[in-house]
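Right, one structure below, let's go through it.
The values are calculated or read from the model by the stated rules, or taken from the named source; none is laboratory data. Quick caveat: nothing in here was measured; it's all calculated off a predicted structure. Every residue, glycine as well, gets a Cβ built from its backbone with ideal geometry; the counts of neighbours run over all protein chains shown. What goes into the accessible areas is simple: the full protein's heavy atoms, side chains included, and nothing from ligands, DNA or RNA. Shrake-Rupley method; radii C 1.70, N 1.55, O 1.52, S 1.80 Å.
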Amino acid sequence: MTLASFSSVSRGTSLGWLSALRAPPTVALSFVVIALVIAWSVAPGLFTGHSPVAGVPAEKLLSPSAAHWFGTDHLGRDLYTRVVYGTASSVTSALIAVVIAAVAGGLIGLLAGFLGGWVDIVLARLVDVLLAIPNFLLAVIVVTAIGFDTTNAAIATGVSAVAVFARVMRSEVIKTRQAVFVEAAFLMGGSRWHILLRHVLPNASRSVLPLAVLQFGLSILVIASLAFLGYGDPPPASDWGLLISIGKDYLKWPWLVYAPAFVTIATVLSVNRISRWLRKTD
């Protein structure tokens, strides 16, 4: 290969990467929203100077203004501050749920798809049982069994999503196992576990990333729903679902519901948009 042809190939590869990384405006906006949410969860004190717990009784139930962007609640606490400080709990619990679902479900799907035989039959029937139970109902059952807490709600949400990751990973492993390079690795004397970890797992896990991003948004929604029903941390915690639950008792002051609900919806929609974009650019 000549130097000119090599440079043209390199230029074409670079242009391909740039075109793949060029995101539509809606995806760019979604990344901005997620970056803001992550910044809230990492350093909430940089975005507000109010306390999320201590309020001013004389300023209770104030409407949104320049001093209080989301208004104040029934105890005079700044609602924007409580939303910002509640982000860490919502994001962390959603990450815990995604890690549990991806690791456990990925392992089940990997073993079922690669080993086959009775292992595949047993694990596939287990996945079918989990899929037969609605995710939210399964999360409620698990969190009721292990206790009412935001971390337990995250564990319950992760357990409820294991079957989805297992089904996707199993189908990808079966497809990858039939590829030519896997058959060549077997013919060259590669051990089963070496081929599984070196060839099958990296190629089969590519479809898991968009699913994990999508599940992150769904986990935020499920955990917020569990907190709304009282299965999360009790007050004065400021989980998004708990803030909506408290606000529903003060319908004359609708910003108590609208503000945390809007943040939750914007975050979930942004994550879903990023997941669809990742799936298309795979």
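Against the list (1) open to solvent by less than 30 Å² (accessible area, probe 1.4 Å); (2) modelled with pLDDT of 90 or more, the condition L29 fails is (1).
The sole residue among R82, R77 that is within 24 Å of S225 (Cβ to Cβ), surrounded by 18 or more Cβ atoms within 10 Å (Cβ to Cβ), over 23 Å from the mean Cα position of the chain (by Cα) and in contact (Cβ under 8 Å) with a residue 24 or more places away in the chain is R77. Residues in segment 205-229 that are part of a helix (DSSP H, G or I), open to solvent by 60 Å² or more (accessible area, probe 1.4 Å) and either in contact with a Ser or Thr (Cβ under 7 Å, 6 or more places away or on another chain) or under 30 Å from D249 (Cα atoms) (or both): L218, L221, F228.
Take segment 180-204 and flag every residue that is buried (at least 20 other Cβ atoms within 10 Å of the Cβ) and either closer than 25 Å to L95 by Cα or within 21 Å of the chain's Cα centre (by Cα) (or both). The answer is A204, and nothing else.
Close contacts from segment 238-266, counting a first residue that is buried (at least 22 other Cβ atoms within 10 Å of the Cβ) and a second that is basic (K, R) and outside any helix (DSSP H, G or I), with Cβ to Cβ under 9 Å and a gap of 6+ residues or different chains, come to S238/R77; L256/K248.
Among all positions in segment 240-257, there is no residue which is part of a loop (DSSP other than H, G, I, E, B), over 21 Å from Y80 (Cβ atoms) and aliphatic (A, V, I, L, M). In contact with a helix residue (DSSP H, G or I) (Cβ under 8 Å, 6 or more places away or on another chain), part of a helix (DSSP H, G or I) and open to solvent by less than 20 Å² (accessible area, probe 1.4 Å), is that true of G232? No, not satisfied. Annotation: of all residues in segment 135-162 being among the hydrophobic types (A, V, I, L, M, F, W, C) and open to solvent by less than 10 Å² (accessible area, probe 1.4 Å), the one that is nearest to A101 (Cα to Cα) is A161.
Restrict the check to segment 163-179 and report whether at least one residue is within 30 Å of P236 (Cα to Cα), touching a Phe, Trp or Tyr at 6+ places or on another chain (Cβ under 7 Å) and either open to solvent by less than 70 Å² (accessible area, probe 1.4 Å) or assigned to a helix (DSSP H, G or I) (or both). No; the residues of segment 163-179 include none that is within 30 Å of P236 (Cα to Cα), touching a Phe, Trp or Tyr at 6+ places or on another chain (Cβ under 7 Å) and either open to solvent by less than 70 Å² (accessible area, probe 1.4 Å) or assigned to a helix (DSSP H, G or I) (or both). Is it true that some residue in segment 39-56 is touching a Ser or Thr at 6+ places or on another chain (Cβ under 6 Å), more than 16 Å from T150 (Cβ to Cβ) and open to solvent by less than 30 Å² (accessible area, probe 1.4 Å)? Yes, because at least one residue in segment 39-56 is touching a Ser or Thr at 6+ places or on another chain (Cβ under 6 Å), more than 16 Å from T150 (Cβ to Cβ) and open to solvent by less than 30 Å² (accessible area, probe 1.4 Å). For segment 267-282, the candidate set comprises residues that are open to solvent by less than 50 Å² (accessible area, probe 1.4 Å) and aliphatic (A, V, I, L, M); within that set, the residue that is farthest from F70 (Cα to Cα) is L278.
This table checks each residue for (1) within 30 Å of L278 (Cβ to Cβ); (2) at pLDDT below 90; (3) not in a loop (DSSP other than H, G, I, E, B).
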{"position": "S19", "(1), (2), (3)": "yes, yes, yes"}
{"position": "I38", "(1), (2), (3)": "yes, no, yes"}
{"position": "G49", "(1), (2), (3)": "no, yes, no"}
{"position": "P52", "(1), (2), (3)": "no, yes, no"}
